[in-house]
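A short write-up of the structure that comes next.
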Amino acid sequence: MGQHPATDLHALPTQRKGNRYSGAMTQKMTIGTAALLVTAPLMWAGNAVVGRMVNEMLPPMTLNFLRWLLAGLLLLPWAYGVLRPGSALWPHWRRFALLGLLGIGCYNALLYLALQTSTPINVTLVGSSMPVWMLAIGALFFGVAVTRQQLLGALLSVAGVLLVLSRGEWQQLIALRPVPGDLLMLLATMGWSFYSWLLVRTREPASVRSDWAAFLMAQLIFGLGWSGLFSSVEWALGPAHPHIQWGWPLAAALAFIATCPALLAYRSWGIGVQRAGPAVAGFFTNLTPLFAAVLSAAFLGEMPRLYHAAAFVLIVGGIVVSARR
């Protein structure tokens, strides 16, 4: 890409009718935009694998807090100006507090917490409803019409995810039973969908939205407050003797999730959503379970099967159908 990616943040034109959107925010899907939207689910798949590996090393809310604390420290040299008292951030603090709550304080914390009472297949199955929630929230709260192509794309993508989750045997889906963790993941998915639509609102000044680091830091500073609050409640109401198993495995895991799934994925997702629109971008999240299967084969010795290839065709087909003009 010739133009610096940071200059494209929130550059997507919108059509509004009153306080609602009267049309979808779209640009022509390019290889660069597709690469950005693929990078995020790849990093999130790695986040799920690593998060599962350290599940017993520390509490889930604390894991989310430490992740974003390290990410904030890494981001500070590029975005410290946004924290100054006279920064353009503070007049819009309510918006960034909401973005920080949904995107940083809640989503991964709820995902880590969901895995305490639910199985990975159930959690991933609930997360595969992301395109449906993207379309529904866009229609209900932002006035964006849902097209037949998007509905067809949603069906194809969800079918591909279900094929992966059932391991090619549809009977396995019948045995699934909802547990509290499934409901938590449903709440996380709905919150992330709303967060993605809020990204296209451009009320903050150009000095913040034109700089990806400043824009993420504006969310992160409030997200740290939310995640720190949730972690404190976790330690106050959790087991009698919560603990953290410090060591090189945990340090390496924190280093990874603070850089790739946090900074790299959030930057890629933010730019991709601005270019393609949340409705189209939502379909790319269904690549996460496929990437998780590949990463599991690489790190856990679980080799991909034929149904993975079939599911990949369905999911990519859904993305292509939904993105066609």
- Item | In the stretch 251-262, residue modelled with the highest pLDDT [restricted to those that are surrounded by fewer than 21 Cβ atoms within 10 Å (Cβ to Cβ) and under 13 Å from TRP44 (Cβ atoms)] | PHE256
- Item | Pair list, Cβ < 9 Å and 6+ apart or interchain, from the stretch 217-228 residues that are more than 14 Å from SER87 (Cβ to Cβ) to residues that are charged (D, E, K, R) | SER227/ARG67
- Item | Only one of GLY272, GLY282, GLY277 that is at pLDDT 80 or above, small (Gly, Ala, Ser), surrounded by 24 or more Cβ atoms within 10 Å (Cβ to Cβ) and within 19 Å of LEU155 (Cα to Cα) | GLY277
- Note on the structure: Of the residues in the stretch 285-314, those that are closer than 25 Å to GLN150 by Cβ, among the aliphatic types (A, V, I, L, M), within 23 Å of the chain's Cα centre (by Cα) and modelled with pLDDT of 75 or more come to LEU287, LEU290, ALA292, VAL313, LEU314
- Restricting the stretch 227-272 to residues that are of a type in the set (A, V, I, L, M, F, W, C) and in a loop (DSSP other than H, G, I, E, B), the residue that is nearest to LEU63 (Cα to Cα): ILE244
- Message: Given the criterion within 15 Å of the chain's Cα centre (by Cα), of a type outside the set (Gly, Ala, Ser) and either surrounded by fewer than 21 Cβ atoms within 10 Å (Cβ to Cβ) or assigned to a helix (DSSP H, G or I) (or both), identify the matching residue among LEU135, LEU140, LEU102, LEU66.
- Response: LEU102
- Pick out the one residue from MET57, MET29 that is buried (at least 17 other Cβ atoms within 10 Å of the Cβ), hydrophobic (A, V, I, L, M, F, W, C), in a loop (DSSP other than H, G, I, E, B) and at pLDDT below 85. MET29
- Message: Against the conditions (1) touching a Ser or Thr at 6+ places or on another chain (Cβ under 7 Å); (2) without any contact (Cβ under 8 Å) to a residue 40 or more places away in the chain, where does LEU140 fall short? Just the number, please.
- Response: (1)
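The values are calculated or read from the model by the stated rules, or taken from the named source; none is laboratory data. Predicted model only: the values in this text are computed from it and were never measured. So basically every Cβ, Gly included, is an ideal-geometry build from the backbone, and we count neighbours across all protein chains shown.
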